[in-house]
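*Asks:* I have a structure here, written as structure tokens, and I will follow up with some questions on it.
The values are calculated or read from the model by the stated rules, or taken from the named source; none is laboratory data. Everything quoted here is computed from the prediction, not taken from an experiment. A quick note on method: Cβ atoms are made from the backbone with ideal geometry, for glycine too, and the neighbour counts reach across all protein chains shown. Protein only, heavy atoms only, side chains kept; ligands, DNA and RNA dropped before computing areas. Shrake-Rupley method; radii C 1.70, N 1.55, O 1.52, S 1.80 Å.
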2 protein chains.
Amino acid sequence: MAKYLGIDVGATWTRAILVDEGGSVLSRAKIRTGVSPVAEIAEVVAGWDFDAVGVGSIGPMDLKTGVVVNSPNSPSRRFPLVEPLKKFKRPVVVANDCVAAVWGEYVFKYHVDNMAYLTLSTGVGVGAIVNGVLLLGKDGNAHELGHAVIDFKSPRRCGCGGLGHFEAFVGGANMPSFYQEVAGEGPLLPEEIFKRAREGYRKAVEFLDVWLDALAAGVATILAAYDPELLIVGGSIALNNWDIVGRELPKRLVKYLGVRGAEIRPASFGDDEVAIGAAALAYKTPETLKKFGYPR
Amino acid sequence: MAKYLGIDVGATWTRAILVDEGGSVLSRAKIRTGVSPVAEIAEVVAGWDFDAVGVGSIGPMDLKTGVVVNSPNSPSRRFPLVEPLKKFKRPVVVANDCVAAVWGEYVFKYHVDNMAYLTLSTGVGVGAIVNGVLLLGKDGNAHELGHAVIDFKSPRRCGCGGLGHFEAFVGGANMPSFYQEVAGEGPLLPEEIFKRAREGYRKAVEFLDVWLDALAAGVATILAAYDPELLIVGGSIALNNWDIVGRELPKRLVKYLGVRGAEIRPASFGDDEVAIGAAALAYKTPETLKKFGYPR
């Protein structure tokens, strides 16, 4: 049975896993994300035996050249994804982390032609499969609804520079300042906000009331854009607080939805979510990525 | 050379055109939209000779059964699209009007794999082609970004019932009440607002300043969702006021964009836009519509 290497390049950690054709994890490695994370993890897995390798990475990314170009949260803003893997003389496939994640859920678990993935972590990212096609668009950005405008009058600026973006309200890196704006105190880190809200602290409860509406508004926009049957939600903010997010999101969606909704489920693979997706890209390379010249 | 019948079912007018394989119009017919518009226009074109027929219609539509199910602005809320055409014993293809329009611009003019269409008329509608695939999704709604949420705190309710929708701010049917809210006078019809703004009437100028930002926010969300190379903008509100919309939209997009932009052009076929698109659906039926059992 063939084996596939999946690499997840995150802002803080870079992970590698070896999986078989069923998606079962055979080996795992994890390093702090350095200045050239793919080159660094390639050293760690040099002895592993695999038939192809996939990479799911934070962006923004130039998919045509296989290089991350302006990453705001990692040690270096620019690093190669494809080049450092050529030494293995195996096919290489790369994509955005959320694009990889939705593909992993599609290939190794759900096989549903219309599904989307949303991550709520430092940032907000989306991946989408519509009518069995993994959406990429002209530059590889046909999934970037973390940059949907959910408040066109708001002065809140996203990390990308855009005004009123979904990420500017709901992303983990922006929650402290959003809490300060709404509660008039803080800033507070996301875990602290959720903790206090569970304890009934009024300002935290009131803040989450607004935050959950912003989340529902962004999700309603994702459903209007892609009409999925299934929405998978991952990322630390969502998974660590699924007791609140899982309960409130479907309820609050009703007032914003303009189309029939979707089933909402938490991500299936925990910390391996993006690495499994990357391995799935190597195992079954999507047609749309072939249009960008992958595998290389 | 084969000939194709294209039918455009609008809230007010139902149009039919006969085109050749180059998209040239050979004949035209137009009737007021009645209680069963496709059955009524089928009578008018009974003598026409064609090889297949396409229909682009207002929605919402149940694409699986080929029936419009809850149309808010036409004489009847429910009417069949496929059934009345079976008597011609020719292949029948149906889709949402904006889905048809983007397909017509793709087949008969631009042939660009990543393009989207936006109509600004009574309502706000979108159609999208991503990586050469016409997006439909699970129900045929994977393009409904007229129902993107662009102000999650707003009490403005869209015709579909959703809060803070793009259409609730920018659609022609909602501009009078939005003008009243912003200017504290009126309501005024769209043509009157644009006319007064051209004449320098302060309240109309101030209203359009807000309206154009709402438009730019919705377009930024469309570009983030589909990453098109080209955005075609049609509909009476846009085309009758392209001097203002064409000039202002690119400028105002800059503050909202989170991804590389797109070229923006006005629709190519004027009043025939949707009918030409419908004929294109019959001439070259998209793979995703075949998944819904078309042509029938």
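*Asks:* Between segment B:1-61 and segment A:243-262, how far is it from one alpha carbon centroid to the other, in angstrom?
*Replies:* Taking the Cα centre of each part, segment B:1-61 and segment A:243-262 sit 39 Å apart.
*Asks:* Hey, can you find the accessible area per residue of segment A:73-193 for me, probe 1.4 Å, expressed in square angstrom?
*Replies:* Here the per-residue accessible area is 31 Å².
*Asks:* So, one more: For A:175, B:1, give the ranking by accessible area with the largest first, probe 1.4 Å.
*Replies:* Result of the area sort, largest leading: B:1, A:175.
*Asks:* Give the nm distances, rounded to one decimal, from residue A:189 to the matching residue in every other copy, measuring between label points 7 Å along Cα toward the beta carbon; shortest first.
*Replies:* Those separations, rounded to one decimal, come out as 6.0 nm.
*Asks:* Continuing with the same structure: How much net charge surrounds residue B:203 when only other residues with a Cβ under 10 Å from its Cβ are counted (Lys, Arg +1; Asp, Glu -1)?
*Replies:* Around residue B:203, the surrounding residues sum to 0.
*Asks:* Semi-axes of the equivalent ellipsoid of segment B:104-216: what are they in whole Å, largest first, if each equals the square root of 5 times a C-alpha gyration tensor eigenvalue?
*Replies:* For segment B:104-216, the semi-axes come out at 30, 17, 10 Å.
*Asks:* Continuing with the same structure: Taking a ≥ b ≥ c as the square roots of the eigenvalues of the Cα gyration tensor of the protein assembly as shown, is the shape rounded (a/c under 1.5), prolate (a/b larger than b/c) or oblate?
*Replies:* Oblate shape, in that a/c is at least 1.5 and b/c is the bigger or equal ratio.
*Asks:* Sequence gap at least 6, Cα distance under 8 Å: using those rules, report the relative contact order of segment A:111-267 to the nearest whole percent.
*Replies:* Contact order relative to length: 25 percent.
*Asks:* Moving to a separate point now. Loop only by DSSP, 12 or fewer other Cβ within 10 Å of the Cβ. Give me the GluC sites (Glu not before Pro) in segment A:154-237 that pass, ordered by residue number.
*Replies:* Those that pass, being in a loop and sparsely packed, are A:185, A:199.
*Asks:* Along the charge dipole of chain A, Cβ charges K/R +1 and D/E -1, which of A:23, A:278, A:217 sits furthest on the positive end?
*Replies:* A:278
*Asks:* Compute the helix-to-body angle for A:273-283: its Cα long axis versus the longest principal axis of chain A, expressed 0 to 90° and rounded to tens.
*Replies:* 40 degrees
*Asks:* Compute for chains B and A the buried accessible surface, both sides summed, probe 1.4 Å, and express it in Å² to the nearest 100.
*Replies:* Result for this pair: about 4100 Å² buried.
*Asks:* Which of the three applies to chain B, rounded, prolate or oblate, going by the alpha-carbon gyration tensor with a ≥ b ≥ c and a/c under 1.5 meaning rounded?
*Replies:* prolate
*Asks:* Given a 1.4 Å probe, show me the residues in segment A:159-178 buried by at least 30 Å² of accessible surface when comparing the whole protein assembly to the chain alone.
*Replies:* A:163
*Asks:* Determine the order of A:268, B:76 by accessible area, beginning with the largest, at a probe radius of 1.4 Å.
*Replies:* Greatest to least solvent exposure: A:268, B:76.
*Asks:* Another one. Classify segment B:79-133 from the C-alpha gyration tensor, please: rounded if a/c falls under 1.5, else prolate or oblate depending on whether a/b exceeds b/c.
*Replies:* oblate
*Asks:* What do you get for the angle between helix A:242-253 and the principal long axis of chain A? Use alpha-carbon atoms, 0 to 90 degrees, nearest ten.
*Replies:* On a 0 to 90 degree scale, this one is about 70.
*Asks:* Kindly flag which residue pairs out of A:195/B:138; A:251/B:138; A:290/B:255; A:138/B:89 have an alpha-carbon separation exceeding 28 Å in this structure.
*Replies:* A:195/B:138; A:290/B:255; A:138/B:89
*Asks:* Please tell me the relative contact order of chain B in percent, rounded to the nearest whole number, where contacts are Cα pairs under 8 Å and at least six residues apart.
*Replies:* 22 percent
*Asks:* Oh, and also: Over all pairs of distinct alpha carbons, what does the Kirkwood formula give as the hydrodynamic radius of segment B:29-172, in Å?
*Replies:* 16.4 Å
*Asks:* While we're here: Could you look at the protein assembly as shown and say what percent of its accessible area is carbon and sulfur, using a 1.4 Å probe and all protein chains?
*Replies:* Its accessible area is 50 percent carbon and sulfur atoms.
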